[in-house]
Amino acid sequence: MEDIIGMINDMGISVAEEAPDEDTLMMSDHSADESAAEEAVAALAAVESDVGRTTDPVRMYMREMGTVELLTREGEIEIAKRIEEGTREVMSSGLFAWCRRVYPRRLRCHSG
């Protein structure tokens, strides 16, 4: 048993006979925890820089969206005009009338 405790202590893990109370834990030195966290962040950054891309879907999406140019006001107006023109074409074509006869319940709100 002493050998196992010695091995654990050699790894930098403290072994106690009893669990410390809350006050003792609050007063203990957290510098080891902070340095371990800093090392983990540095290692993660190194891995991401080596790979160049992450496998996190949210990060991948945000990175891709950062490369896409946003619409200008004029661009939005142009797209809206094209949508309205396409809607007029569908409404004036025989296709909409045919769909209204075949699917009357689904297209009731669109009938004029």
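Read-outs: derived from the displayed coordinates by stated rules, not from any lab. If you're wondering where the values come from, they're calculated on a predicted model, not measured in any experiment. Don't worry about glycine lacking a Cβ; one is built from the backbone with ideal geometry, like all the others, and counts go over all protein chains shown.
Want the number for ILE13 to ARG101: 0.36 nm per residue separation, take away the alpha-carbon distance, what's left? Spell out each step's value before the answer.
Values: separation 88, 0.36 × 88 = 31.68 nm, distance 7.72 nm.
So the chain would gain 24.0 nm between ILE13 and ARG101.
Report the full-extension gain for the segment GLU74 to THR55: residue separation times 0.36 nm, less the Cα-Cα distance, to one decimal in nm. All intermediate terms of the calculation are to be shown ahead of the outcome.
Working: separation 19, 0.36 × 19 = 6.84 nm, distance 3.58 nm.
Extending this stretch completely gives an extra 3.3 nm.
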Applying the Karplus parametrisation 6.51 cos²θ - 1.76 cosθ + 1.60 with θ = phi - 60° to the phi angles of region 84-96, what ³J(HN,Hα) value in whole Hz is obtained for each residue in order, glycine and proline being reported as x? 4, 5, x, 5, 4, 4, 5, 5, 7, 7, x, 4, 5
If I model a spin label as a point 7 Å beyond the Cα along the Cα-Cβ vector, how far apart are those points for GLU84 and GLU2 in nm? 9.0 nm
Radius 14 Å from Cβ of ASN9, net charge of other residues (Lys, Arg +1; Asp, Glu -1): -4
